[in-house]
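The values are calculated or read from the model by the stated rules, or taken from the named source; none is laboratory data. Remember, it's a predicted structure, so these values are computed and weren't measured experimentally. Here the Cβ positions follow ideal geometry from the backbone for every residue, glycine too, while neighbour counts run over all protein chains shown. We work out accessible area using only protein heavy atoms, side chains counted, and drop any ligands, DNA or RNA first. Shrake-Rupley method; radii C 1.70, N 1.55, O 1.52, S 1.80 Å.
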Amino acid sequence: DDPYAAMAAIRQAFGDGWLIAHLWDLLCRARAVRSDPLEGSPLSLRQYFLLQYAKALGGVPPLWQLAAAYGGDLLSEPGAAAEARAWLGDLLLSAAQHDSAAPAGSTLHAHKVRKLLGVCEKLGLTAAADAVLRA
């Protein structure tokens, strides 16, 4: 009956991963829980859990596009946009630099750079696009 107690139990058992991010997102969308900012943070619990999940995905280099999609969803939300934008810039730059298997100028490298720049354009991340081009 208490979604906050359930959240605490889920976090203790499974951490801040897929389950809590998606469950809390559903509860917020159903208006079963409030989406007030956390104490001392501009983020709501929903935004915090989604950003933590995006960061976990971003820690696995092949999942950078999925991580960017989760982070990008937070760009239009007051309170989360600034933190999401900063993290996305770091993620995209890291993805550009992580392409160690493909030498600069190769077809694989050029394809990945185009993908990165496409994400930057879609999300309006001009500073990140500049950083990717310099990487």
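Report the calculated FRET efficiency for T126 and K55 (r = Cβ-Cβ distance, R0 = 22 Å), to the nearest 0.05.
Between T126 and K55 the formula returns 0.50.
Equivalent ellipsoid semi-axes for the chain, as square roots of 5 times the alpha carbon gyration tensor eigenvalues: give them largest first, rounded to whole Å.
Ellipsoid half-lengths, sorted descending, are 32, 16, 10 Å.
Using 0.36 nm per residue of separation minus the Cα-Cα distance, give me the extension gain between D36 and D90 in nm, one decimal.
Computed gain between D36 and D90 is 16.8 nm.
Take the alpha carbon gyration tensor of the range 1-54, find the square roots of its eigenvalues, order them as a ≥ b ≥ c, and report rounded if a/c is under 1.5; if not, report prolate when a/b exceeds b/c, else oblate.
Judged from the Cα gyration tensor, the range 1-54 comes out rounded (a/c under 1.5).
With a probe of 1.4 Å, find how much accessible area the chain has per residue, and write the answer as a whole number in Å².
Ligands and nucleic acids excluded, the result is 58 Å² per residue.
Quick check: convex hull over the Cα atoms of the range 31-80, volume per residue in Å³, rounded to an integer?
Dividing the Cα hull volume of the range 31-80 by its residues yields 77 Å³.
Of all the accessible heavy-atom surface of the chain, with the other protein chains kept in place and a 1.4 Å probe, what percent is carbon and sulfur?
Carbon and sulfur atoms account for 58 percent of the accessible area of the chain.
Full-extension gain between A69 and Q97, please, as 0.36 nm times their residue separation minus the C-alpha to C-alpha distance.
Residue separation times 0.36 nm, minus the Cα-Cα distance, leaves 8.2 nm.
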